[in-house]
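Colleague: Take this structure first; my questions come after.
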Amino acid sequence: MLDRKTSLSANLIHFCRYLRLHDFIIGIQEEQDALASLQMLSAVNTYEDFQLALRAVLCKTHKQVQEFSGHFNSYWKDIQKALDSKLKDKQEEKPVQKEQVSTAQYIHELKSWLYGNNQDEEIETATYSNQNVQSTTSLIELQARDLAEINRWIKVMIQRIANKRSRRYTTTHRKDKIDLQYSLRKNILQYDEMIQLMQKTKKKNQLKVVLICDVSRSMELYSRFFLQFMYAFQTAFSRIHSFVFSTELYSISSELNHNDINQSVEQVLHKVKHWSGGTRISESLQTFVEDYAQKHVDRKTLVFILSDGWDHGDAATMAESMQKLQRKSMRLIWLNPLAANPNWKPETNCLVAAKPYIDEFLPFNNINDLKSMVKRI
Amino acid sequence: MKSIESTLDDLAKQGYIADRAIAMSVYLANELQRPLLIEGPPGVGKTEIAKVLAKIHNTDLIRMQCYEGLHMEQALYEWNYQKQLLSLKMTEQEKKSLSEKETMIYSRKFLFERPLLQAISAEKSVVLLIDELDRADEEFESFLLELLSDWQISIPEIGKIEATSIPKVIITSNRVRELSEALRRRCFYIWIDYPSFEKELEIVQNKLPEIDKTLASQICVFMKELRQLKLDKKPGVAETLDWAMALAALHIDHLDTKIVEETLGFILKDWKDIRTAQMSLSELFEKTGVIQKLN
């Protein structure tokens, strides 16, 4: 990106492009504004003013304001350096190649858990999940016919979510309730008497959904199903955002937006660097609350956390993030695949800390669990 | 406002202590005629900027408070039905054709001008404050986009009304919900945070010139430390000023534990926060150097 131009305006455009790479939303309008704002400055103004002026024009959110001076310094200082030492443009090829190598690895990992390796894993988990077999198949042993069933239940759930009614009213043509206020307003314009009665009905509440899924080592057996669950959910419901975490948090909504599930899964694996790694629930949730909650979570959002809660991270951070999340969201639902086991108890630090802030804590180990969850929502 | 320095001066003259970043945004928004979007925690002076701006330009401030369920009619215009009916009744004897009557009753005279229409049809450019836009519905926000970019409103019965003067628009948000990117892109953005100790002291002394100097600095140190605590609703500058005003009215020249305990309700408005603060009062006193009376 380092490309030194001789005129200020060319450099400025380049700076805008540099910012665009760092998630700033900058169009031609903003570039024009930036140039226009510099015209307002006079020779009296300092380097700081130059920075302030660009910041005033180019930043559109608090996060961007915070990050701006870092980007500004790294860009303009590098230009200075380039000026001094005639630094050549850097090629950014190398890291890309590296990534490609590791991608192959990830795809391999994906294949191993998506298609094979099932039997070893079952033995591995027998310790904490397979004991409640009562004519129900655990999610890890799903067959193709079960998937159809799962999709059906997800659809039922989406219908429920999409058709929630709000307290507020909206005008309608079918007969429900008479909207006196609107009837008066309508009739007073056209007639002397009340001729046309207007109807109102309860507004549909446009709920949103956020899915946050644990894909750490301890959840490995379920992550395949969860990914499928997220994919099915996302293809059928548009107001949804999906995240996965193990040691870090990743937003995977755009990756899941593929027609082909295999492609989606591949892309997700390519993006998520620590698939089946360790777990850092509290840190990941904290990242979510700080970076994404503001945008994706409001009082009309159902937040699902899919995790077994196996983490010995900082309980205080966890409690704080959970509290914030619960307060912001409509409902906070924790789906735990291990909770189906009658002997299982929420004993890990994180889960104990999180428990008071969870609106619904539900087991999620077989299709029956899915059904009962759908009924509770 | 001719430069940043003069903007800073103007703001200071009206009693608004701003830093250079704020002055820069205010100056550029004014020069380039763009709306100004201000975000930040409650009580740090977001709305105040609009008031001060109106004073600087010696013009009117038109304020529109947003709330959930705000309708276009409440923001733009409404027909004055009663007046229309009355005038029809009064002109019954006159032999006017139907279309004449129609043009008569659908004219600007019979329009209730609501804030947005008022703002764009003012003779002299006014300051339009759209307060707490995040509380309004998303539909309203998208409707606002049209107005903010084209400065015109279309009324079916009359036609387009174009702005006679472009208002200086200030939009504030408390981040109850995230505003859309489309709206952000049309505005210049300022984030106002809690002020530093020096700035807060300056504000207190500016607003309350008669206040005791030690008391003022004690108050500011105390507030600064208080904001470090884990509180649900951190007190803003507005609370600092309220508290300082109350203490000054009580003719107190320094803080002591008893007074702080008694007047904690001025700065904290949530019982949980009050409890948290009470738990760590002695620590706060130690940091701020408040004299503890030995009982």
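Colleague: Excluding ligands, DNA and RNA, what is the solvent-accessible area per residue of the protein assembly as shown at a probe of 1.4 Å, expressed in Å²? Numbers along the way, then the final one.
Modeller: Working: 34720 Å² over 672 residues.
Normalised by residue count, the accessible surface of the protein assembly as shown is 52 Å².
Colleague: Compute for chains B and A the buried accessible surface, both sides summed, probe 1.4 Å, and express it in Å² to the nearest 100.
Modeller: Details: alone 16210 and 21440 Å², together 34720 Å².
Answer for the B-A pair: about 2900 Å² buried.
Colleague: How far is helix B:257-267 tilted, in degrees, relative to the longest principal axis of the Cα atoms in chain B, given as a value from 0 to 90 rounded to the nearest 10?
Modeller: On a 0 to 90 degree scale, this one is about 10.
Colleague: Let me ask you something else. Name the residues whose placed amide hydrogens come within less than 5 Å of the amide hydrogen of A:Ser166, ignoring near sequence neighbours (fewer than 5 apart) on the same chain.
Modeller: Amide H neighbours of A:Ser166, under 5 Å, 5+ apart: A:Lys203, A:Lys204, A:Asn205.
Colleague: For segment B:11-109, which chymotrypsin sites (Phe, Trp or Tyr not before Pro) are both in a DSSP coil and crowded by at most 15 other Cβ atoms within 10 Å?
Modeller: On the way: sites: B:Tyr16, B:Tyr27, B:Tyr67, B:Tyr77, B:Trp79, B:Tyr81, B:Tyr106; in loops: B:Tyr16, B:Tyr67, B:Tyr106.
Those satisfying the criteria are B:Tyr67.
Colleague: Tally up the carbon and sulfur contribution to the accessible surface of segment B:99-194 as a whole percent, 1.4 Å probe, everything protein left in place. Each step should come with its number before you reach the end.
Modeller: Details: 1870 of 4160 Å².
Answer for segment B:99-194: carbon and sulfur cover 45 percent of the accessible area.
Colleague: Non-local amide H neighbours of B:Val169 (under 5 Å, H modeled in plane, Pro and chain starts lacking H): which ones?
Modeller: It is B:Leu36, B:Leu128, by chain and number.
Colleague: Considering protein heavy atoms only and a 1.4 Å probe radius, which residues within segment B:9-26 exhibit an accessible-area decrease of no less than 40 Å² in the full assembly relative to the chain by itself?
Modeller: B:Arg20, B:Ala21, B:Met24
Colleague: Please give the calculated 222 nm ellipticity per residue for chain B, where each DSSP H segment of at least 4 residues contributes -39500 (n - 2.57) and the sum is spread over every residue; nearest 500 deg cm²/dmol? Kindly include the intermediate steps, with their values, before the conclusion.
Modeller: Working: 15 runs with 148 residues, N = 295.
When only DSSP H runs of four or more count, the value is -14500 deg cm²/dmol.
Colleague: In chain B, once you exclude exposed GluC sites (Glu not before Pro) (DSSP loop, at most 15 other Cβ within 10 angstrom), what's the longest stretch remaining?
Modeller: Numbers: sites that count: B:Glu68, B:Glu92, B:Glu94, B:Glu123, B:Glu157, B:Glu210.
Counting only loop sites that pass the neighbour cut-off, the longest clear stretch is B:211-295.
Colleague: In segment A:15-70, carbon and sulfur make up what percent of the accessible area (probe 1.4 Å)? Before the final figure, lay out the partial values.
Modeller: Working: 1400 of 2630 Å².
Accessible surface attributable to carbon and sulfur in segment A:15-70 totals 53 percent.
Colleague: Now a separate question. So how far, in whole Å, is the C-alpha centre of segment B:197-247 from the one of segment B:30-87?
Modeller: 29
Colleague: Now, a different point. If you take every residue apart from B:Ala216 with its C-beta less than 15 Å away from the C-beta of B:Ala216, what net charge results, scoring Lys and Arg +1 and Asp and Glu -1?
Modeller: So the environment of B:Ala216 carries a net charge of -4.
Colleague: Looking at chain B, what % of its DSSP beta bridges pair antiparallel, to the nearest 5?
Modeller: Working: 7 of 25 bridges.
Of those bridges, close to 30 percent are antiparallel.
Colleague: A follow-up question, please. What is the mean number of Cβ atoms from other protein chains located within 10 Å of the Cβ atom of each residue in peptide B:189-196, rounded to a whole number? Please report the intermediate quantities before stating the final value.
Modeller: Details: counts 10, 5, 7, 0, 2, 0, 0, 0.
For this peptide, the per-residue mean of nearby foreign Cβ atoms is 3.
Colleague: Whose amide H sits under 5 Å from the amide H of B:Leu70, counting only residues 5 or more places off or on another chain, with H placed in the peptide plane?
Modeller: Long-range HN contacts for B:Leu70: B:Asp137.
Colleague: Give me the percent of the accessible area of segment B:195-246 that comes from carbon and sulfur atoms, probe 1.4 Å, all protein chains in place. Before the final figure, lay out each step's value.
Modeller: Values: 1250 of 2420 Å².
Carbon plus sulfur share of accessible area: 51 percent.
Colleague: Here is a follow-up. Only Lys, Arg, Asp and Glu count, each charged at its Cβ (+1, +1, -1, -1), so figure out the dipole size of segment A:274-375 about its Cα centre, rounded to 20 debye. Working shown, then result.
Modeller: Working: 12 positive and 12 negative charges, 98 e Å.
In total the dipole reaches around 460 debye.
Colleague: Further, regarding this structure: Hey, got a sec? Which GluC sites (Glu not before Pro) in segment A:219-256 land in a DSSP loop and have at most 15 other Cβ atoms within 10 Å? Please report the intermediate quantities before stating the final value.
Modeller: Values: sites: A:Glu220, A:Glu248, A:Glu255; in loops: A:Glu248.
The qualifying sites are A:Glu248.
Colleague: Taking the alpha-carbon centroid of each part, what is the distance from segment A:170-246 to segment A:337-377 in angstrom?
Modeller: 26
Colleague: Could I ask something else about it? Other chains' Cβ within 10 Å of A:18-29 residues: what's the mean? Could you put the intermediate results ahead of the total?
Modeller: Values: counts 0, 0, 0, 0, 0, 0, 0, 4, 1, 1, 0, 4.
Mean partner-chain Cβ count within 10 Å for A:18-29: 1.
The values are calculated or read from the model by the stated rules, or taken from the named source; none is laboratory data. Keep in mind that this is a model prediction, so the values were computed, not measured. Don't worry about glycine lacking a Cβ; one is built from the backbone with ideal geometry, like all the others, and counts go over all protein chains shown. Note: accessible area is taken over every heavy atom of the protein model, side chains too, but ligands, DNA and RNA are not part of it. Shrake-Rupley method; radii C 1.70, N 1.55, O 1.52, S 1.80 Å.
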